[in-house]
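Here is the structure we will look at.
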Amino acid sequence: MIIGVPKEIKNNENRVGMTPSGVAEVVKQGHQVYIQHTAGINSGFPDEAYLSAGAQVLPTIEEVYATADMIVKVKEPIAPEYNLIRKGQLLFTYFHFASDKELTLAMIANKSICLAYETVEKADHSLPLLIPMSEVAGRMSIQEGARFLEKPQGGKGILLGGVPGVKPAKVLILGGGIVGSNAAQMAAGMGADVTVADINLSRLRYLSETLPKNVKTLYASELRIKKELPDVDLVIGSVLIPGNKAPHLITRKMLAMMQPGTVLVDVAIDQGGCFETSHPTTHSAPTYVIDGIVHYAVANIPGAVPYTSTLALTNATLPYVIALANKGWKKACKDDPALALGLNVVEGKVVYKAVADVFDLKYEPIN
């Protein structure tokens, strides 16, 4: 199979879909890899490293798309890429269709095969290709939240961990999954007063037993969340419904309950966001203020630490890339039910129910 790795063109997206070591593994199995010139440079992988691993370098994104049977990338295609994608071409990347109708309709129109990292799901409901980036995003959410709590950045001017004689910041984490638990770990390590809210009691018990003692757990009813808001300093939104839009846990009216300079970090923005007032931002303009509340809603948080993120992501994706290249997408998905759940749009049909439901489109499951 011919595999293409284009350079990411989304704002400040510095990751790359394959590393030189991954390319070497794929080439060893008899496949060809074409990588766009400088695609890996911002992750610390120059063209020479890919050439040494057996890849061929193409100068333009157009040539990569025109050459490849399968495109392996990181973020969803954006508008300039839509017309480069061919009928029957396999795209293996993050899509987050439920938050982007334009993208969904474009992929339906070009009749490509869209296999989304974020909905590959094992029998135990774990999401193996989302976990590594959720770990990075969860940890970075605290790093970024702490930064924007600084007064010059628009925050309250509070040090997350406090100092002797001065209380630490209060951090509320909505969602106790991979993002939430990693955020809690980081915030606790920095000395903050941390509360994790979730509706899964089993998960709350697990977090209570495993996280440091400065992390408390809370059942996430609307009333209890409201009670936390008046004196909270940083809120992390990390609720995920696989393949579907995130619920709005903090509404516009609830902003008035918080003190000016409170920071909201919406890690769920890829799936529409879990704050009503969220809209996607970029690393070049990461925040905005509504009703005195600082909103951080960067849609590709891990893109700021591309070396770490690229290695973490490709460690997880490489076995699937090899399976798809060796078997073709039909047999690979038939052999692996987890991978099959990654199929969202196939040759003009929406085959993932949550995506069809969000946009009131026809759902046509693959038999």
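The values are calculated or read from the model by the stated rules, or taken from the named source; none is laboratory data. The shown structure was predicted, so the numbers you read here are calculated from the model rather than taken from an experiment. Every residue, glycine as well, gets a Cβ built from its backbone with ideal geometry; the counts of neighbours run over all protein chains shown. To get the accessible areas, we keep the full protein, side chains included, count just its heavy atoms, and leave off ligands, DNA and RNA. Shrake-Rupley method; radii C 1.70, N 1.55, O 1.52, S 1.80 Å.
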In this structure, the FRET efficiency calculated for ASN200 and ARG224 from their beta-carbon separation, with R0 = 22 Å, to the nearest 0.05, is 0.90
Taking placed amide H atoms and a strict 5 Å upper bound, the residues 5 or more places from VAL345 or on another chain that come that close are CYS114, VAL351
Once HIS283 and LYS331 are pulled to full extension, the length gained, defined as 0.36 nm per residue separation minus their Cα-Cα distance, is 13.4 nm
The answer for the stretch 130-296, accessible area per residue at 1.4 Å probe in Å², is 44 Å²
Here FRET efficiency (C-beta to C-beta, ALA66 to ILE41, R₀ 22 Å, nearest 0.05) is 0.50
Rounded to whole angstrom, the alpha-carbon centroid of the stretch 255-309 lies from that of the stretch 56-103 at a distance of 26 Å
Taking 223-236, 292-305, 70-83 and ranking on average Cβ neighbours within 10 Å, highest first, one gets 292-305, 70-83, 223-236
Partner lysines whose C-alpha sits under 30 Å from that of LYS10, ignoring same-chain residues fewer than 8 away, are LYS73, LYS75, LYS87, LYS101, LYS111, LYS122, LYS151, LYS245, LYS330, LYS349, LYS353, LYS362
Here FRET efficiency (C-beta to C-beta, GLU364 to SER52, R₀ 51 Å, nearest 0.05) is 0.70
The stretch 130-296: spread of alpha-carbon positions along the three principal axes, whole Å, largest first, is 40, 39, 32
Restricting to aspartates and glutamates and to Cα separations under 16 Å from LYS7, and discarding same-chain partners fewer than 8 apart, the set is ASP47, GLU48, GLU62, GLU63, GLU76, GLU81
Filtered hits (lysines, Cα-Cα < 24 Å from LYS213, offset >= 8 within chain) -> LYS167, LYS170, LYS226, LYS227
Carbon/sulfur accessible area of the chain, % of total, 1.4 Å probe, equals 54 percent
Quick calc: nm separation of the 7 Å Cα→Cβ label points for SER126 and GLU276 -> 3.8 nm
With every protein chain kept in place and a 1.4 Å probe, the stretch 79-128 has an accessible area per residue in Å² of 38 Å²
Expected unfolding gain across ILE241-LYS216 under the 0.36 nm per residue rule, minus the alpha-carbon gap, is 6.7 nm
Whole-Hz Karplus couplings 3J(HN,Hα) for the stretch 149-154, θ = phi - 60° and coefficients 6.51, -1.76, 1.60, Gly and Pro as x, run 6, 5, 4, x, 8, x
Counting only protein heavy atoms and rolling a 1.4 Å probe, one gets per residue an accessible area for the stretch 8-54 in Å² of 41 Å²
proj_area_mean for the stretch 46-186 (convex hull on C-alpha atoms), units nm², value 13.3 nm²
HN-Hα couplings for the stretch 114-120 via Karplus (6.51, -1.76, 1.60; θ = phi - 60°), in whole Hz with x for Gly/Pro, come out as 9, 10, 8, 3, 6, 10, 5
